[in-house]
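Peer 1: Take a look at the following structure, please.
All of the numbers you see were taken from the coordinates with simple rules; none came from a lab. Being a predicted model, the structure only gives us computed values, none of them experimental. Please note: Cβ atoms are built from the backbone with ideal geometry, for glycine as well, and neighbour counts cover all protein chains shown.
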Amino acid sequence: MKIAHILRRFTFSEWGGTESVVLNIARQQKAQGLEPEILCTAALDRVGVEETDGIIIRRFPYFYPYFPMPQKDKLALDKKGGNPFAPELVKALENGNYDIFHIHAGARLANCAIKLGRKLDTPCIMSLHGGACAIPEAEMALMLKPLKNKFSYGGIIDRLCGLRQAPESAADMLLALSREEVAKLCRRYPGKRVELFPNGILHRELPEEGEFRKKYNIPTEAKLLLCISRIDYQKNQKILLELLKKHSDTHLLLIGPVTADWYYKEIISEAEQFALTDRLTVIPGLAPDSIELLQALKSACCFILPSRHEPFGIAALEALDAQVPLIASKVGGLCDFLVDGKNAMLFEDNDVNALLKAYDRLETAGKELISNGKETASRYDWRNIASKLSDIYRELLK
């Protein structure tokens, strides 16, 4: 079985949740004897073909149909929210002899793949990684800010190419990350087959901390608060500065690519304003297989994920698997596997006082919290999840 995984972008330099999911699925499919390939635009990367773990990755030219399109706005769309045209990617799909189109993108790329799937009689399954049905309006407005005061000619091309439908309405099956999103999709597209299909993790043993703290000037005696996530308004890292203000024995470490530069600058500015810069360390991105990610988990006294909305929350699962005490906001897919006081401490979205109380509660939590978290993580093994996905493919092919 030859599978085309279709993404908006796939780059190792600015790794994100969708890239992690697709690569892990592809690795497991390869181990099952299937033939997965990854096809995407060259956003944040270069046009061409490369191979990783025996999996072919094909990146194609693309463009955004807006005028003018200065480089800074193009970069912002590459990082988040872009809706590109990629004709050569579609041509590669048509000539690739694929048995399944698994779409991990939305809008135009999804519509192009689904239209081609109808022509070739190739089943199309669509994963909604970004929680499109649950993104708050304010966040959507920020995401689309680079398109303000621009002339759009994309609608003309969409009409000429027959790409005006909502791709979710035309895909053969939708895979959603949370119960919340399943319910919303079923209401929006009655009669459409929608499956709850969570993300997963692979267990990794943590190495010794080594010289990690020394390398990044983190005092050995400090209680290290860790957040591994895109540095972005959705992830809401700025609220974590409140913990630094309240607890002088803490140090905050943020690891992840910067997908909203203005928001990163706000974090740095507030840290400077309140004289917190000596207790804040930002690592703007590490490779997904970096040993330093594991050393950071080993060094942390707790992991905090304060997202404003979260389709799933792989980082939270990885913290549970690493047996690092977890604090998380009570939003989206996190509520599907986290139970307050049992395997994590939860707090209400963007509520500073609730966050401070969750941290205080965590300090008195016993070993049961870590033990329950480890058991939770064990239920989300990628091998089992990928096997279920292969069964879905075979069902569609029948």
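Peer 1: Whole angstrom only: what separates the Cα centroid of region 226-276 from the Cα centroid of region 94-112?
Peer 2: Cα centres, region 226-276 to region 94-112: 37 Å.
Peer 1: Step through the table entries K223/K330; K215/K374; K91/K115; K30/K80; K2/K30, compare each Cα-Cα distance with 18 Å, and write down the pairs that go over it.
Peer 2: From K223/K330; K215/K374; K91/K115; K30/K80; K2/K30, over 18 Å: K223/K330; K215/K374; K30/K80.
Peer 1: Roughly how many Å is it from the Cα centre of region 28-78 to that of region 176-217, as a whole number?
Peer 2: 21 Å
Peer 1: Let me ask something else about it. Give me a comma-separated list of calculated 3J(HN,Hα) values for region 179-187, in order, Karplus coefficients 6.51, -1.76, 1.60 applied at θ = phi - 60°, integers in Hz, x for any Gly or Pro.
Peer 2: Values per residue, Gly and Pro as x: 5, 4, 6, 4, 4, 5, 5, 5, 6 Hz.
Peer 1: Shifting gears a bit: Take peptides 170-182, 266-278 and line them up by average Cβ neighbours within 10 Å, highest first, as a rough protection proxy.
Peer 2: Working: 170-182: 21.6, 266-278: 13.5.
Descending packing order for the listed peptides: 170-182, 266-278.
Peer 1: From the backbone phi of region 98-104, what are the Karplus-calculated ³J(HN,Hα) couplings (6.51 cos²θ - 1.76 cosθ + 1.60, θ = phi - 60°) in whole Hz, Gly and Pro given as x?
Peer 2: Going residue by residue, I get 7, 8, 9, 9, 9, 9, 10 Hz, with x marking Gly and Pro.
Peer 1: Moving on to the next point. Among W382, W15, which comes first, second and so on when ranked by fewest other beta-carbon atoms within 10 Å?
Peer 2: Placing the least packed residue first, the sequence is W382, W15.
Peer 1: Now a separate question. Percent relative contact order of the chain, based on C-alpha pairs within less than 8 angstrom and at least six residues apart?
Peer 2: 14 percent
Peer 1: Working from Cα positions, state the angle (0 to 90°, nearest 10) between the long axis of helix 17-31 and the longest principal axis of the chain.
Peer 2: It is inclined by approximately 70 degrees.
Peer 1: If you scale each eigenvalue of the Cα gyration tensor by 5 and take the root, what three semi-axes come out for the chain, rounded to whole angstrom and sorted largest first?
Peer 2: Here the semi-axes work out to 36, 24, 20 Å.
Peer 1: Compute, for region 212-378, the length of the dipole vector about the Cα centre, with Cβ point charges of +1 (Lys, Arg) and -1 (Asp, Glu) only. Units Debye, rounded to 20.
Peer 2: Its charge dipole is roughly 320 debye.
Peer 1: Residue separation times 0.36 nm, minus the C-alpha to C-alpha distance between D278 and S248: what's the value?
Peer 2: Between D278 and S248, full extension yields 9.7 nm more.
Peer 1: Let me ask another. Please name whichever of T18, L280, A86 sits farthest to the positive end of the charge dipole of the chain, dipole taken about the Cα centre and charges placed at Cβ: Lys and Arg +1, Asp and Glu -1.
Peer 2: After comparing all options, I get A86.
Peer 1: Still on this structure, please answer the following. Work out the charge dipole of region 246-397 with +1 on the Cβ of Lys and Arg and -1 on the Cβ of Asp and Glu about the Cα centre, then indicate which of S269, L305, W382 is farthest towards its positive end.
Peer 2: Positive-end residue among those listed: W382.
Peer 1: Could you run the Karplus curve 6.51 cos²θ - 1.76 cosθ + 1.60 with θ = phi - 60° over region 389-397 and give me ³J(HN,Hα) per residue in whole Hz, x for Gly and Pro?
Peer 2: Ordered by residue, 3J(HN,Hα) equals 5, 4, 5, 5, 4, 5, 5, 5, 5 Hz.
Peer 1: If you count, for each residue, the other Cβ atoms within 10 Å and average over each peptide, how do 144-151, 52-59 line up from highest to lowest?
Peer 2: Put in order of decreasing packing, that is 52-59, 144-151.
Peer 1: Let me spell out the model: positive unit charges on the Cβ of Lys and Arg, negative unit charges on the Cβ of Asp and Glu, origin at the Cα centre of the chain. What dipole size does that give, in debye rounded to 20?
Peer 2: Working: 53 positive and 52 negative charges, 246 e Å.
With Lys and Arg at +1 and Asp and Glu at -1, about 1180 debye.
Peer 1: So in the chain, what percent of DSSP beta bridges are antiparallel if you round to the nearest 5?
Peer 2: Values: 8 of 53 bridges.
Approximately 15 percent, going by the DSSP bridge assignments.
Peer 1: For region 212-378, what Kirkwood radius comes out of the mean inverse Cα-Cα distance, in Å? Intermediate values should be presented prior to the final figure.
Peer 2: Numbers: mean 1/r = 0.0635 Å⁻¹.
When all Cα pairs of region 212-378 are included, the Kirkwood radius is 15.8 Å.
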